[in-house]
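What follows is calculated from the coordinates using simple rules that are stated; it is not laboratory data. Keep in mind the model is a prediction, meaning the values are calculated, not measured. We place every Cβ from the backbone using ideal geometry, glycine too, and count neighbours over all the protein chains shown.
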Amino acid sequence: MTASDPTPSSASPSPAPAAVPTAAEELEPFERMACSMRRRELRRIWAGYDPERSGELQIVPRRPHFIGKWLSHSGPWNYVQHVPLVFYGPGHVPEGVVVRRPVTTADIAPTLAAHLGFPFEAPDGQPIAETIEPDAAPPRLILVVIWDAVGRNVLDEHPDSWPTLRRVSREGAWMRRASVGSSPSVTPTIHTTLGTGAFPRHHGIVDLRFRTDGKLLPSRRVGPRLVRSPTLVELYDEAHANRPLVGLVASGGTFGMIGQGGHRPGGDPDLLIAEYHGEYSSQRNPELYAYADYVDEIPGPEVDARAVDLEDGRADGVWMGERVLGNRDDLAHTPAFSPYQTRVIEEVIRREGFGADDTPDMLFTNYKQTDNVSHRWSMNSRQMGAVLRASDAELGALIELLDRHVGEREWLLVLTADHGSTPNPETTGAFVIDNNELLADLRAAFDGDGDEREAIRDLRVTQIWLDLEELREHGHTVGDVATFVAQYTKAQNRQDPSLVAESERNDLLFEAAFPGAVLEDLPCIEERG
């Protein structure tokens with residue numbers, strides 16, 4: 001994720017906090033607070049928490065409020081957790097199946113393993129047996145497609161923009177109650193869950209930033225090296241002497257679907273075609289992944305921009321009132337980018353020979369444009385409807401090219417999303433919590449000695465990292481910070497409180513704020529259910 005990361009990165013050089021035990025009597029009221037939450041939401045927070053990497057403080061805004069101006073989609077609520085999930089492949093998936101029981105993203109990897117006939121024990125997921133045609137041979141190619149940020153709420157908002165997905169969901173196996181299953185619900189965490197069958201509490205990629213070796217680093221800088229759970233792809237590839245073809249065509253943050261590539265002992269550099277700034281490139285991390293120079297020669301989104309430009313009858317470089325057709329960065333927010341991505345996928349399948357023999361191959365892709373739109377114009381916008389419609393058209397094109405290059409009844413396609421989108425606050429009445437103001441208020445309350453070491457190290461939209469030693473030097477505890485956040489009001493979050501209606505100034509912004517330590521032995525959470 002890029003635009004969804006609105007929070008400032010702390011420059012504090014302080015070391016990782018020592019493990020400071022918290023008195024049981026201090027945790028007790030926060031255990032009660034956590035257990036008073038909706039159980040499914042609490043379980044999602046629990047599944048996404050790792051005591052070494054996550055923030056010491058877990059925070060939950062009151063719905064529909066959220067932190068950050070970029071319409072953050074990170075949280076445990078149904079509207080960002082419920083996603084489409086369909087398995088489709090004539091001859092491999094029974095037709096017209098509707099699975100009504102709850103499933104999560106962690107169930108995808110073990111289900112793919114079952115289609116391959118490959119033994120795979122996932123830490124958190126189970127095979128969805130209803131998606132498997134009895135006695136079917138393994139498909140020659142499995143293609144996993146992510147529509148980034150296209151949760152069920154986006155589909156509901158634009159019901160006429162996905163006719164292909166609607167048809168595929170009727171002809172394949174549709175998961176009616178699919179959810180992401182963990183919070184934070186952000187790109188690197190959920191794609192890693194998809195690849196490993198593990199939630200962040202096991203695989204360790206807990207957010208867009210997390211603590212490692214005493215530092216708080218963006219996940220994009222550490223890449224897949226710190227994933228603790230092996231991916232299905234890695235184990236399957238190694239078990240077959242690295243003969244299967246494995247590839248990823250996607251933007252950054254999605255590498256957890258395929259794993260560590262050449263960094264993993266026994267692994268090989270799988271094919272990675274990464275999108276940066278609106279362009280697919282073949283020249284990143286060659287020690288980890290293989291590349292294909294021919295991708296640089298594939299016609300870019302400019303060839304489709306003219307048709308998008310002429311939708312309003314004028315060739316003026318304007319689309320839906322915005323001048324966004326002049327460079328690839330902007331084109332990645334428009335319908336022009338989707339067919340470009342499909343061209344890349346088709347060329348990769350054709351040139352590399354994905355699905356060309358009896359050894360099953362796996363290819364993963366993420367159509368990022370819908371996420372770009374959700375942050376720039378919101379899920380309620382006309383732009384979202386148009387870009388979703390373009391992604392849906394490309395789903396049809398993918399099915400056609402699979403028949404053409406792999407063969408009819410020789411492939412399996414899975415489509416899902418990594419999270420939903422946050423509605424425009426004008427439609428929900430949400431209060432947009434200023435993350436910079438909250439961070440400044442916390443530092444003023446719990447630090448303020450003027451040195452470079454910050455007691456409040458960093459803040460993200462669902463958690464806060466603390467320096468426990470520095471906090472203790474100022475006479476405070478994690479519980480003190482949690483209480484401050486739990487009592488934080490709308491008026492406090494504005495430099496000019498008069499901007500908040502007088503009747504709302506004392507409204508609390510957070511449903512819960514509790515030390516992450518309470519999640520490690522919380523009586524109201526069960527392992528499954």
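Residues whose amide H falls under 5 Å from that of D458, counting only those 5 or more places apart or on a different chain, are W465, with hydrogens built in the peptide plane.
Between Y276 and S281, the built amide H atoms are under 5 Å apart, and every one of these is 5 or more places off in sequence or on another chain. From a point 7 Å beyond the Cα of E121 in the direction of its Cβ, which residues of region 233-275 have a backbone N at a distance under 16 Å? Backbone N within reach: 235-236. Taking the three principal axes of the alpha carbon atoms in the chain, the coordinate ranges are 67, 56, 43 Å, sorted in descending order. How high is the FRET efficiency from R472 to L508, r the C-beta distance, R0 22 Å, rounded to 0.05? That gives a FRET efficiency of 0.25. 3J(HN,Hα) along region 100-109: 9, 7, x, 9, 10, 4, 5, 7, 5, 4 Hz, from the Karplus curve 6.51 cos²θ - 1.76 cosθ + 1.60 with θ = phi - 60°, whole Hz, x for Gly and Pro. Spin-label model, R453/D312: points 7 Å from Cα along the beta carbon direction are separated by 5.7 nm. Between D135 and R176, full extension at 0.36 nm per residue minus the direct alpha carbon distance yields a gain of 12.3 nm.
Using only Cα atoms, find the angle between the long axis of helix 382-405 and the longest principal axis of the chain, and express it within 0 to 90 degrees, rounded to the nearest 10. Helix 382-405 and the main axis of the chain meet at about 40 degrees. Place a label point 7 angstrom from the Cα of H240 along the Cα-to-Cβ direction, then list the residues of region 381-408 whose backbone nitrogen is under 20 Å away. Answer for region 381-408: 402-408.
Annotation note: chymotrypsin sites (Phe, Trp or Tyr not before Pro) in region 137-237 located in DSSP loop regions with a Cβ neighbour count of at most 16 within 10 Å are absent.
Here the Karplus relation 6.51 cos²θ - 1.76 cosθ + 1.60, evaluated at θ = phi - 60°, turns the backbone of region 192-200 into coupling constants of 5, 4, 4, x, 9, x, 10, 7, x Hz, with x for every Gly and Pro. In this structure the amide hydrogen of F66, modeled in the peptide plane, comes within under 5 Å of the amide hydrogens of F431, I433, none closer than 5 places in sequence on its chain.
Annotation: the residues Y276, Y289, Y79, sorted from fewest to most other C-beta atoms within 10 Å of their own C-beta, follow the order Y276, Y79, Y289. As a rough footprinting exposure proxy, the listed residues L116, L438, L143, L217 were ranked by other beta carbons within 10 Å of their own, and the order from fewest upward is L217, L116, L438, L143. For region 449-466, 3J(HN,Hα) computed residue by residue from phi via the Karplus equation (6.51, -1.76, 1.60; θ = phi - 60°) reads 8, x, 7, 6, 8, 9, 5, 9, 6, 6, 9, 10, 7, 10, 7, 9, 9, 10 Hz, glycine and proline entered as x. Gain on full extension, evaluated as 0.36 nm per residue between E426 and D480 minus their Cα-Cα distance, stands at 16.1 nm. Using 0.36 nm per residue and subtracting the Cα-Cα separation, the extra length available between R166 and A440 on full extension is 94.0 nm.
Just the Cα atoms of region 260-365, one point each, no solvent: what log10 I(q)/I(0) does Debye give at q = 0.11, 0.16 Å⁻¹? Log-scaled intensity ratios, in q order: -0.44, -0.77. What is the distance in Å between the Cα centroid of region 261-339 and that of region 475-529? Here the answer is 41 Å between Cα centres. Of the beta bridges in the chain, as assigned by DSSP with both residues counted there, near 45 percent are antiparallel. With the helix formula -39500 (n - 2.57) applied to DSSP H stretches of n ≥ 4, the chain reaches a computed 222 nm mean residue ellipticity of -8500 deg cm²/dmol. Volume per residue for region 372-490 equals 182 cubic angstrom (convex hull of Cα atoms).
The value for region 223-315 of Rg(Cα) / (2.2 N^0.38 Å) is 1.37. Taking region 243-269 and a reference point 7 angstrom along Cα→Cβ of D357, the backbone N atoms nearer than 18 Å belong to 243-247, 268-269.
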